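Note sheet for the following structure.
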Amino acid sequence: RRRGAQAAAAFLQKHVLLPPVVGILLGLACTWDPVYYSLCGGAFGERLPKHTRCPSEGAPLGFFFCGIETLGSAAVPLNLIMLGSSLARGPDWTALPVRCNVGIVAAKLVLMPAFSTLLMLGLNLTVGRHGAGWFALRSPYDQAQRTR
């Protein structure tokens, strides 16, 4: 039993509890608890007015959240730089046989777009133009435009 629990904990730690997932879960926990919400400068259960800076000026932990926001703003450019540096080295063509590489390229560039096109054509023929309301989410702006 203990070995199974350890294996399950190791699996969760390796595959599920990745840093982005943990960050999202902590963020959700902070927004659900009125105490943490007030430390960020908000009034729990109230919607902020437009053009309000969050966190507010008098928030006890406002400096902390401004620093986290700055780090979050830098995440995408840093990831792009890391991706560029790893792609600059070029692929290791010897890692896979040539036939496998050609198959991957053909599948990505030919088979997947063809399959997507055939799927959409098939949906259009079977469901029809006006019967696909269940397939797509309605835009919240549809109702506002109809009333004008």
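Here, each number is a calculation from the coordinates, and none is a lab measurement. As the structure is a prediction and not an experimental result, all values here were calculated from the model.
Numbers at a glance
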item: Shape box of region 72-131 [Cα atoms, principal axes, largest first, Å]; result: 48, 41, 11
item: Linear extension gain, Cys100 paired with Thr31, 0.36 nm per residue minus alpha-carbon span; result: 20.1 nm
